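Here's the structure, in structure tokens; my notes come after.
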């Protein structure tokens with residue numbers, strides 16, 4: 001279940017893609033299978049990286065995957081990569097966990113090439129606000145969400161780095177009611193209603209019937225659990241730096 005739409009990444013053969021906060025590998029593995037690119041999946045949690053590696057293993061061969069995948073542990077505040085390393089950076093459902101999220105955005109800007117694409121997703125404001133109202137535990141657990149982003153806030157923070165916004169969409173509307181139910185019955189982990197809705201989501205994910213696919217597409221603009229924003233890094237920052245360097249040398 002991916003949140004980022006690969007068609008908005010403008011991927012080309014041989015490019016380098018950073019999946020920052022890759023978790024258990026959903027975006028990294030998907031791109032490894034579908035595109036001839038080098039994917040670097042990075043996360044702070046070693047257990048998640050191990051799970052991603054296990055899930056990727058059955059597909060990590062030329063007959064199953066078009067691309068290559070490298071997984072590792074790293075801190076988004078200090079990425080172990082040189083400036084302008086990546087053609088594309090994905091940061092999906094990560095920034096809402098990080099107190100210094102603007103510092104992470106600055107690191108993303110540093111490692112992204114001029115004219116590179118940056119895709120950021122966070123929980124959408126309205127569904128997330130309901131979750132916070134229904135349950136304090138939902139966002140107060142260790143490693144939980146520490147903020148609710150407004151779309152304009154996140155967009156302006158990224159544009160301030162010199163990135164141009166070019167696309168947006170919401171995703172996973174059918175998952176919003178599940179999380180509302182989970183929050184409502186947070187102290188009742190064996191709730192039959194929550195379990196039944198979870199079975200529905202699993203069935204939808206595995207079978208992808210037309211009815212639920214159409215329903216989610218119609219509901220996404222209002223109830224989409226996640227908001228995805230897409231940016232392209234300005235080229236003039238690099239050209240301006242070269243111009244200034246030339247002036248200094250002269």
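Taking 87, 19, 47 as the candidate residues, the one with maximal mean-square fluctuation in a Gaussian network model of the chain, Cα springs under 10 Å, is 47. Rounded, prolate or oblate: which fits region 163-221, taking a ≥ b ≥ c as square roots of the Cα gyration tensor eigenvalues, rounded meaning a/c under 1.5, else prolate when a/b beats b/c? Here region 163-221 falls in the oblate category. For residue 152 and residue 206, the FRET efficiency from 1/(1 + (r/R0)^6), where r spans their Cβ atoms and R0 equals 25 Å, is about 0.10.
Explain nothing, just the number: relative contact order of the chain, from Cα pairs under 8 Å at least 6 residues apart, as a whole percent.
20
The length gained by stretching the chain between residue 164 and residue 106 to full extension, at 0.36 nm per residue less their Cα-Cα distance, is 19.4 nm. Shown is the FRET efficiency for residue 196 and residue 218, computed with R0 = 25 Å from the Cβ-Cβ distance and rounded to the nearest 0.05: 0.65. If both residues of a DSSP beta bridge must be in the chain, then about 45% of such bridges are antiparallel. Each stretch of four or more DSSP H residues adds -39500 (n - 2.57); spread over every residue of the chain, this sum gives -13000 deg cm²/dmol at 222 nm.
In a fully extended conformation the segment linking residue 36 and residue 188 would gain 50.2 nm over its present Cα-Cα distance, using 0.36 nm per residue. Measuring how big the chain is from its alpha-carbon positions, Rg and Dmax come out at 19.2, 74 Å.
For region 52-184, what does the alpha-carbon gyration tensor say about shape, rounded, prolate or oblate, given a ≥ b ≥ c as the root eigenvalues, a/c under 1.5 as rounded, and a/b over b/c as prolate? It is oblate, given that a/c is not under 1.5 and a/b is not larger than b/c. Relative to the longest principal axis of the Cα atoms of the chain, the long axis of helix 46-56 lies at roughly 90 degrees. Annotation for residue 64 and residue 10: the two label points, set 7 Å from Cα along the Cα-Cβ direction, are 3.3 nm apart. Computed from the C-beta positions of residue 82 and residue 133 and an R0 of 41 Å, the FRET efficiency is 0.40 to the nearest 0.05.
Coordinate-derived values only; no laboratory data. What you see is a predicted model; the values in this text were computed from it and never measured. Cβ atoms come from the backbone with ideal geometry, glycine included; neighbour counts cover every protein chain shown.
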